[in-house]
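Peer 1: Right, I'll just put the structure down here and ask away after.
The values are calculated or read from the model by the stated rules, or taken from the named source; none is laboratory data. Because the structure is a prediction, the values reported are computed rather than measured. Methodologically, a virtual Cβ is constructed for each residue, glycine included, from the backbone with ideal geometry; neighbour enumeration extends over all protein chains shown. We work out accessible area using only protein heavy atoms, side chains counted, and drop any ligands, DNA or RNA first. Shrake-Rupley method; radii C 1.70, N 1.55, O 1.52, S 1.80 Å.
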Amino acid sequence: DTGVSQDPRHKITKRGQNVTFRCDPISEHNRLYWYRQTLGQGPEFLTYFQNEAQLEKSRLLSDRFSAERPKGSFSTLEIQRTEQGDSAMYLCASSLAIQFATNEKLFFGSGTQLSVL
Amino acid sequence: KNQVEQSPQSLIILEGKNCTLQCNYTVSPFSNLRWYKQDTGRGPVSLTIMTFSENTKSNGRYTATLDADTKQSSLHITASQLSDSASYICVVSASNDYKLSFGAGTTVTVRA
């Protein structure tokens with residue numbers, strides 16, 4: 001499978017625990033995005049990487065959230081001290097884009113469904 | 001604030017019938033508009049991408065239209081199949097922003 005891979009597909013955790021999700025983008029894609037989606041809503045932007053640089057973070061991304069993309073390849077999204085409101089689908093997307101382009105095609109992973117009890 | 005509104009919220013159609021989904025947006029300055037299909041429990045999959053100069057674009061039985069003057073788009077599904085049951089999300093990109101503005105989606109259910 002040469003698409004965007006996310007792991008795990010499902011995660012159930014207790015409130016207060018830390019969780020980490022992984023995203024493997026399509027090889028050679030330079031941009032990587034994290035989105036959060038709740039039931040019945042469209043995805044909401046969380047953060048975005050151009051290669052290894054994290055260029056923008058949404059206000060939705062509180063201090064409990066941190067994302068990394070070491071070496072510009074895979075990315076991780078960590079949530080510390082999880083809260084019930086963090087329950088959502090966390091989607092990763094990647095694209096190959098020239099500098100400043102905003103019309104590149106995004107490829108999404110299948111997401112990680114987080115349930116905080 | 002950039003916003004994307006979709007209607008209807010959901011619809012049910014019989015297999016073989018056609019349907020049209022609507023999308024209105026206030027994103028500015030406009031760069032492009034995309035339609036995605038999202039199956040339950042999966043990530044969105046791109047159907048079409050249209051820029052300012054494009055009025056219509058097709059992908060098999062899916063045809064998207066764009067009126068950049070009125071800031072409206074539609075997605076027409078022809079001869080629906082059971083596999084078309086999914087959420088269809090309208091996504092608009094601003095030319096000065098890498099973030100995308102997503103609509104809440106229209107849930108389409110195709111029944112035999």
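Peer 1: Could you grab me the full set of residues in the stretch B:36-53 that are within 11 Å of another protein chain (Cβ to nearest Cβ) and in a loop (DSSP other than H, G, I, E, B)?
Peer 2: Once the filter is applied, which keeps residues that are within 11 Å of another protein chain (Cβ to nearest Cβ) and in a loop (DSSP other than H, G, I, E, B), the stretch B:36-53 yields B:Asp39, B:Thr40, B:Gly41, B:Arg42, B:Gly43, B:Pro44, B:Phe52.
Peer 1: For a quick check of your reading of the model, give me the residue pairs whose first member lies in the stretch A:20-49 and is over 9 Å from A:Ala93 (Cβ atoms) and without any contact (Cβ under 8 Å) to a residue 12 or more places away in the chain, whose second is assigned to a strand (DSSP E or B) and among the hydroxyl-bearing types (Ser, Thr, Tyr), with beta-carbon atoms closer than 7 Å and at least 6 apart or on different chains.
Peer 2: So the pair list comes out empty.
Peer 1: Continuing with the same structure: Mind listing whichever residues of the stretch B:73-112 are within 25 Å of A:Thr38 (Cα to Cα), away from chain A (no Cβ under 13 Å) and surrounded by 16 or more Cβ atoms within 10 Å (Cβ to Cβ)?
Peer 2: Correct list: B:Ser73, B:Ser74, B:Leu75, B:Asp84, B:Ser85, B:Ala86, B:Val108, B:Val110.
Peer 1: Then there's this: Output the residues belonging to the stretch A:1-53 that are under 27 Å from A:Ala97 (Cβ atoms) and aliphatic (A, V, I, L, M).
Peer 2: Of everything in the stretch A:1-53, those that are under 27 Å from A:Ala97 (Cβ atoms) and aliphatic (A, V, I, L, M) turn out to be A:Val4, A:Ile26, A:Leu32, A:Leu46, A:Ala53.
Peer 1: Right, something else. Looking at the stretch B:41-63, is at least one residue open to solvent by 60 Å² or more (accessible area, probe 1.4 Å) and under 21 Å from A:Gln41 (Cα atoms)?
Peer 2: The answer is yes; a qualifying residue exists.
Peer 1: Name every residue in the stretch B:54-72 that is in a strand (DSSP E or B) and within 14 Å of chain A (Cβ to nearest Cβ), in order of residue number.
Peer 2: Across the stretch B:54-72, the qualifying residues are B:Lys57, B:Asn59, B:Leu66.
Peer 1: Okay, next question. Filter the stretch A:39-50 down to the residues that are open to solvent by 70 Å² or more (accessible area, probe 1.4 Å) and not in a strand (DSSP E or B), then identify the one that is nearest to the other protein chains (Cβ to nearest Cβ).
Peer 2: Taking the candidates together, the pick is A:Gln41.
Peer 1: Give just the number: which of (1) within 10 Å of chain B (Cβ to nearest Cβ); (2) modelled with pLDDT of 95 or more; (3) touching an Asp or Glu at 6+ places or on another chain (Cβ under 8 Å) does A:Thr112 not satisfy?
Peer 2: Every condition holds for A:Thr112 apart from (1).
Peer 1: Condition first: over 20 Å from A:Gln41 (Cα atoms) and assigned to a strand (DSSP E or B). Can you find one or more residues in the stretch B:1-12 that meet it?
Peer 2: Taking the stretch B:1-12 first, the residues over 20 Å from A:Gln41 (Cα atoms) are none.
No - not one qualifying residue is present in the stretch B:1-12.
Peer 1: Something else: Quick one: would you say B:Leu33 is assigned to a strand (DSSP E or B), more than 14 Å from chain A (Cβ to nearest Cβ) and surrounded by 15 or more Cβ atoms within 10 Å (Cβ to Cβ)?
Peer 2: Answer is no for this residue.
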